[in-house]
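Bear in mind these aren't lab numbers, they're just calculated from the coordinates by the rules spelled out. These figures come from a predicted structure and were not determined experimentally. All Cβ positions, even for glycine, are placed from backbone atoms using ideal geometry, and neighbour counts span all protein chains on display.
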Amino acid sequence: MTKLTRRFSTTTHHILYAWLISALCIFSGLASAAQSTFDVEAVKAKYSIRDYVYTPLPERGYNYFKIAENAYFVHDDFENMVFFVTDDGVVVYDAKPDVTPYLLEVVKEVTDKPITHVIYSHHHRDHAEGMYLFPESAIKISNDETARFLKRANDPKRPMPDIVWKDSYVLETGGLRLEFNDLPENWHSQSDSIGYAPQQKILLATDTFHPDAAPWIHFGEATNPMFAFQLPQILLDTYDFNFMVTGHERIVATRAHLELYNELVQDMKNIVFEVAQSPAFHALMKETESRYADGAKHWEYKEMITNGAKMSAAKFIDRWAGRVRNVNLNMEENFQMMFMQLMILNP
Ligand SMILES: [Zn+2]
């Protein structure tokens, strides 16, 4: 390439680039104008607060509300699903057997468009066994790990997906864009993935945490606890979102909920280190050792972990009572898991 043509092509490149930027600005201006009619803060104030957890459900057994102009959050007593109304139809995320019948009623109530796509969040039965209730014509989508487990399960309620993606996938349909990603590791199941609706600023992150609550037992039945401990920070760093659909709870999670949960997990780590280094714990270990004869390592280990977890849980309850729900519920089990992971397996 000569100097001149190089300069010419650079200039052309710049013009094209400038055009692209202005086109993007106009487009995102339009998108934000469409979004601006939707009052995110009003939804948070009504449906992301602790009071809503204890508000009785309507007699029909479920409720629903919008979390973006074209996104609906449907929940029963404890579980939730979300769907998007596009120009061409309805896109559903997750396929819970308990919520799907309610969601199908809500879809009929808000639009006469057909359900075009349903996306598996992961293969677990409580999230996937509603898939058979959707119309045959709906395109079913999952990542490769989910498909592998569904094949093994051979469950008519969890039919095989029509589209199977690996690593990442973008669904663009009727003006809706959904971006899916397999993170480097799983956390809760062996087939987890994260979805993101950039226009609506909604994160689809099933079984990652419970908003306004201490962790579920065994860190949400984590298959990979070390990654489960890191995940809140990764999601906060990676995604810009207003709401987060986590699959359980009737309140919808917000960024503030995830920030608080992240603080909670970091504090749990601090507590484990504080306890492990404390003279009280060391004295207890010595005393434990002295009580068991040689060959009783199993008993010694169990008691050491149990003691560490008990001491950690007591500290945690002291610090977190009132800040989130369920501080008294699962913390000994959760600290058992964290204590083993941080102190013994993966220090
Ligand atoms: Zn699950």
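Values computed for the structure shown
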{"quantity": "Angle between the chain longest axis and helix 144-153 axis [Cα atoms, degrees, rounded to 10]", "calculated": "70"}
{"quantity": "Packing-based ranking, highest mean first, of 318-327, 100-109, 292-301 given that Cβ atoms within 10 Å are counted", "calculated": "100-109, 318-327, 292-301"}
{"quantity": "Shape category assigned to the chain from the gyration tensor of Cα positions, a/c cut at 1.5", "calculated": "prolate"}
{"quantity": "Summed residue charge, Cβ within 13 Å of Thr86's Cβ, Lys/Arg positive, Asp/Glu negative", "calculated": "-2"}
{"quantity": "Ranked by how many other beta carbons lie within 10 Å on average, peptides 140-149, 89-98 from highest", "calculated": "89-98, 140-149"}
{"quantity": "Gyration tensor (alpha-carbon) shape descriptor, the range 172-218, a/c threshold 1.5", "calculated": "oblate"}
{"quantity": "Residue list for the range 316-345, given a label point 7 angstrom along the Cα-to-Cβ vector of Val53 and an amide N cut-off under 11 Å", "calculated": "322-329"}
{"quantity": "GNM flexibility winner over the chain from His282, His210, His75 (Cα, springs under 10 Å)", "calculated": "His282"}
{"quantity": "Cross-link reach list, aspartates and glutamates versus Lys315, counting only Cα pairs under 20 Å and skipping chain neighbours closer than eight places", "calculated": "Asp212, Glu263, Asp267, Glu274, Glu303, Glu332, Glu333"}
{"quantity": "Entries in Lys113/Lys201; Lys96/Lys157; Lys66/Lys157; Lys286/Lys310; Lys44/Lys201; Lys201/Lys269 that, when Cα-Cα distance is taken, lie over 20 Å", "calculated": "Lys113/Lys201; Lys66/Lys157; Lys201/Lys269"}
{"quantity": "Environment charge at Leu103 (Cβ cut-off 12 Å; Lys +1, Arg +1, Asp -1, Glu -1)", "calculated": "-4"}
{"quantity": "Candidates Phe227, Phe243, Phe219, ranked by Gaussian network fluctuation over the chain, Cα under 10 Å, top entry", "calculated": "Phe227"}
{"quantity": "Relative contact order computed over the chain (Cα-Cα under 8 Å; 6+ residues apart), in percent", "calculated": "13"}
{"quantity": "Net charge of neighbours whose Cβ lies under 9 Å from the Cβ of His75, counting Lys and Arg as +1 and Asp and Glu as -1", "calculated": "-3"}
{"quantity": "Förster radius 30 Å - calculated FRET efficiency between Asn154 and Glu179 (Cβ-Cβ, nearest 0.05)", "calculated": "0.50"}
{"quantity": "Tilt relative to the chain, helix 3-36 - C-alpha long axis, 0 to 90 degrees, to 10", "calculated": "70"}
{"quantity": "On Cα atoms only, tilt of 100-110 relative to the major axis of the chain in degrees", "calculated": "30"}
{"quantity": "Cβ crowding within 10 Å averaged over residues, with 162-170, 116-124 ranked highest first", "calculated": "116-124, 162-170"}
{"quantity": "Sites Ser290 and Ala314, calculated FRET efficiency, Cβ-Cβ separation with R0 22 Å, nearest 0.05", "calculated": "0.40"}
